[in-house]
1. Is it the case that Pro373 is open to solvent by less than 10 Å² (accessible area, probe 1.4 Å), closer than 21 Å to His166 by Cβ and in contact with a strand residue (DSSP E or B) (Cβ under 9 Å, 6 or more places away or on another chain)?
2. Is at least one residue of region 1-13 under 30 Å from Pro340 (Cα atoms), assigned to a strand (DSSP E or B) and in the same structural domain as Cys157 (by TED's automatic domain parsing)?
3. Pull up region 78-108, narrow it to residues that are open to solvent by 60 Å² or more (accessible area, probe 1.4 Å) and touching a residue at least 24 places away in the same chain (Cβ under 8 Å), then point me to the one that is farthest from Gly299 (Cα to Cα).
4. Of all residues in region 263-283, which are assigned to a helix (DSSP H, G or I) and either polar (S, T, N, Q) or more than 15 Å from the ligand (Cβ to nearest atom) (or both)?
5. Please go through region 121-141 and pick out each residue that is over 20 Å from Cys157 (Cβ atoms) and not in a loop (DSSP other than H, G, I, E, B).
6. Within region 129-155, which residues are surrounded by fewer than 24 Cβ atoms within 10 Å (Cβ to Cβ) and under 21 Å from Ala38 (Cα atoms)?
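The values are calculated or read from the model by the stated rules, or taken from the named source; none is laboratory data. Values in this document were obtained by computation on a predicted structure and should not be read as measured data. When we count neighbours, we look across all protein chains shown, and the Cβ atoms used for this are built from the backbone with ideal geometry, even at glycine. Side chains are part of the model used for accessible areas, which takes the heavy atoms of the whole protein and leaves out ligands, DNA and RNA. Shrake-Rupley method; radii C 1.70, N 1.55, O 1.52, S 1.80 Å.
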Amino acid sequence: MLIGGALTASPRTFGVVDPATGEEFDRAPDCDGTALDAAVRAANDAWPDWRADAGARRACLAEAAAALREAAGALAPILTAEQGKPLRDAETEVARAAARFQHLADLEIAPDVMPGSGGERVEVYWRPVGPVAAIAPWNFPLQLGAAKAAPALAAGCTVVLKPSPHTPLATLAMGRVLAGIFPPGVLNVVAGTDPLGERLAAHPGIRKINFTGSAATGRHVAATAAPDLKRLTLELGGNDAAIVLDDADVDTVADGLFWSAFANCGQICMAVKRVYAPAALHDDLVGALAERAAKAVVGDGRDPATQIGPIANRPQYERVRGLVAEALAAGARAAAGGAPLDRPGFFFAPTVLAGAEAGMRIVDEEQFGPALPVVRYRDVDEAIALANATPYGLCGSVWGADAGRAAAVAARLDCGTAWVNGHMRMSLDEPFGGTKHSGLGVSGGPWGVRAHCEPFVLHVPAP
Ligand code: NAD
């Protein structure tokens, strides 16, 4: 772990499982209460100096980006071993983590200035809130660890970063790479099981919680934050709908849709999780998606031919298995896949479900895995109503030959981000967040930095 600038071990450890074998392959330090207190104390001690010098912060962020780029060859195999993703995707993830640090090194947040009601000048300064608990999930440990930590650091906050217990090792290794770049106590990395997340979120030395994970845990985190009125960013689950319009070219759409649903084995908050197809195109679209599913190479992430790795951990594997089995029992048809692969590890055949319907849990809930339900609709109004009939509101997309018409339909989606003829394209500059139970607050660009700040407003009399 990285606590107060020092790399520390722990007498207690917990096992980390390789999802490609289903076997424990390493152990991670289990942060106890004393070590957690030390990490939070270090973050508080480091805060006054860190908040004072924006130039020094940007220099450290740039150095961190360079160090991560340099360490990609060492970090990516650890990520593949604990998470399962293909090695080349793990390398991309390290590159994206580095890009996040670099982007924030290059971003300057100036005070806002405006005229006041009495003719005076009003200056709005963005002051860092204080030590931040950054809590990350297992689908993109490094990319999301960086997306939590880097904006907080850029804002002038110090950070205690906690990865998921399913994927602690790459984040601990990232902590080792970054040790010595940030002043002691500015970035701390601790590992432990879920109760550590709760203890960190509840810690009185923490002023803000930046959490990415499931909506269920997000609600717990909000409750934990409430007594102390800790500031919150919650980036939670999604059940993104993709609506295919009746003028769409099925083959073109299927190419884009397939990888928007199955990249990272479907374990992406903003992956396509439900497809709505006009009744006349349903069978052709299902066929085209199933063809792509059958061709996708599923395997161990260390095999260079692999396109889709195993599901990342046993609980998620069991969940996806259960949701698919339930949908099949309720009348959906597996046009591709439909079952686990007969081999050790958490491998599941890429699955396309024809004739899925509202009321099936795989349509109503976030499956977060390699199984895609396709639902028939009668007209666009019905498609929009079905797409919006969810407690989630992360992203969505509309696919069709007439981009203007598709954009008008997309504008009716109740979510944070929508695309036409694509899904998941995103720059580091834009605000990213969800409506309804998909989250609270936004990340990305200046929005993500200000999310770790509170405005301080100064009225200066006119000269
Ligand atoms: P999770 O909610 O189980 O765990 C997330 C993190 O919270 C882990 O580090 C965990 O140890 C910690 N945690 C668990 N209980 C806690 C508690 N009571 N208090 C504080 N922390 C606690 O989520 P997961 O299964 O790791 O991740 C998958 C979920 O994350 C999916 O729902 C996915 O959509 C979502 N996600 C959202 C985004 C986004 O940006 N909106 C991005 C990626 C993943």
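1. Criteria not met by Pro373.
2. No; the residues of region 1-13 include none that is under 30 Å from Pro340 (Cα atoms), assigned to a strand (DSSP E or B) and in the same structural domain as Cys157 (by TED's automatic domain parsing).
3. Restricting to residues being open to solvent by 60 Å² or more (accessible area, probe 1.4 Å) and touching a residue at least 24 places away in the same chain (Cβ under 8 Å), the top hit is Glu108.
4. Asn264, Ala279, Ala280, Leu281, His282, Asp283
5. Arg121, Val122, Glu123, Pro141
6. Matches in region 129-155: Val129, Gly130.
Here is a yes/no grid of residues against (1) in contact with a Leu (Cβ under 7 Å, 6 or more places away or on another chain); (2) within 16 Å of the ligand (Cβ to nearest atom); (3) part of a strand (DSSP E or B):
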residue	(1), (2), (3)
Asp89	no, yes, no
Thr92	no, yes, no
Ala97	yes, yes, no
Leu104	yes, no, no
Gly119	no, no, no
